[in-house]
Structures are given as structure tokens and as C-alpha cells.
Amino acid sequence: MRYYVMIAMGFILSIVLFGCSSAKGLTKEEKAAKEALLKQAVEKREFVVKVDRMLPLNGRSQVLTSPYSLEISGDRVKSYLPYFGRAYSVPYGGGEGLSFESAITDYTSAVDSKGKTTVEFQARTKEDRHSFRIEIFPGGSASINVTSVNRQAISFRGSASAKGE
């Protein structure tokens, strides 16, 4: 019996050791190249933020299991984001919420001394006017804050990347 326990422990230990050694992270050069590519994509207005967490103004944060995203393509935004919160004035049936494609106005982007990029813009749909603030951190993580005229504000967390990456 003791022999089998020792074999099982050795097997588990070898899986843990080999599993940890094969899960390498990115090198410094790869991280720098990825950050430079993302910075260029933000300057060209060709990037995507894939979100995995939603933070409603009133309520708990929720992990998103479906693929939601915000895509910037030149002077257009394609928003496929969920919405939970209070709506002050919406069409019958709930409307389109934060799932829309629209033109961008008032686009600005700035990089602070720590490397965080802040992108702000406005988007108008037939139902509402939305103000977006995207913060992209040097590692590629991102946050999106959406303020609408007819709905409560909502935030999202996820990761940013260049389109096609």
C-alpha cells in the first residue's frame, strides 16, 4: 500500500514540476514589442478591448462568460457590451443598449508618465448618447467606463490588443 502511495505522490509531483516549467511567460523583449504594437494600434484607432468583467454602478461585479468586446476602427466604434443597471428612458422592449455600431466624435488619446493610455470619445445612437473612457495599462489590461444620457453608468474590465492580434 505504501508503495502505491509513493508512486502516486511521485506522479503528482512530476506533473506539477513539468507543468510549471512549460508555462513560460513572455520575455521582456516580447512584452515590449506587444506594448509598442498596442500603442501604434491606439494611435491608428485600430484596436479591440475584450471584456471579461462587468461592474454595474449599483450591484456586484460579474464575470462575463460570453465574448464581449469594444472595437475601434478608424472613426467608427462597434460596441458589443452587456448592460445591467437602471435605464431612465428607453424604447419599448429595452432597445439595443450597448450593442451598436456608430460614428465616433471627440476622440482624444493621451499617455501619462507611467505608460497608461487614456482614450475618450463620444458615440451617438438613435436611442442615446454615450461617453466612453478607456484606460489601457502597459501590460495590456484595460478598463472601459461608459456614461450614457438615458442609463446609469457602467464599467468593464478586460484586455486590449491590436486588431487582428
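The values are calculated or read from the model by the stated rules, or taken from the named source; none is laboratory data. No experiment lies behind these values; they were computed from the predicted model shown. All Cβ positions, even for glycine, are placed from backbone atoms using ideal geometry, and neighbour counts span all protein chains on display. Protein only, heavy atoms only, side chains kept; ligands, DNA and RNA dropped before computing areas. Shrake-Rupley method; radii C 1.70, N 1.55, O 1.52, S 1.80 Å.
Across segment 47-79, what is the total count of residues that are over 11 Å from ARG157 (Cα atoms) and not in a strand (DSSP E or B)?
Number satisfying all stated conditions: 6.
Residues checked against (1) within 18 Å of the chain's Cα centre (by Cα); (2) not polar (S, T, N, Q):
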site: PHE84; (1), (2): yes, yes
site: PRO91; (1), (2): no, yes
site: LYS116; (1), (2): yes, yes
site: VAL119; (1), (2): yes, yes
site: ARG124; (1), (2): no, yes
site: PHE132; (1), (2): yes, yes
site: PHE137; (1), (2): yes, yes
site: SER143; (1), (2): yes, no
site: ILE154; (1), (2): yes, yes
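Which members of segment 111-129 meet the condition of being assigned to a loop (DSSP other than H, G, I, E, B) and open to solvent by less than 100 Å² (accessible area, probe 1.4 Å)? Quick ask: steps written out before the conclusion?
Within segment 111-129, the first condition is being assigned to a loop (DSSP other than H, G, I, E, B), and the residues that meet it are 112-116, 125-128.
Residues satisfying the conditions are ASP112, GLY115, LYS116, THR125, GLU127, ASP128.
Kindly indicate whether GLU101 is among the acidic types (Asp, Glu) and outside any strand (DSSP E or B).
Numbers: among the acidic types (Asp, Glu): yes; outside any strand (DSSP E or B): no.
So GLU101 fails the test.
Pairs only if they're at least six apart or on different chains, beta carbon under 8 angstrom, first in segment 33-46 and in a helix (DSSP H, G or I), second of a type in the set (Lys, Arg); list them, first residue then second.
ALA41/LYS163
Which residues, counting only those in segment 65-97, are surrounded by 14 or more Cβ atoms within 10 Å (Cβ to Cβ) and farther than 18 Å from ALA160 by Cα? If you could, list the steps in order and put the result at the bottom.
Quick first cut of segment 65-97, residues surrounded by 14 or more Cβ atoms within 10 Å (Cβ to Cβ) only: 68-73, 77-85, 87, 90, 95-97.
If the condition is that a residue be surrounded by 14 or more Cβ atoms within 10 Å (Cβ to Cβ) and farther than 18 Å from ALA160 by Cα, then TYR83, PHE84, GLY85, ALA87, VAL90, GLY95, GLU96, GLY97 are the ones that fit.
For residues that are out of contact with any strand residue (DSSP E or B) (no Cβ under 6 Å at 6 or more places or on another chain) and of a type in the set (Val, Ile, Thr), scanning just segment 64-97, find the one that is nearest to PRO138 (Cα to Cα).
THR65
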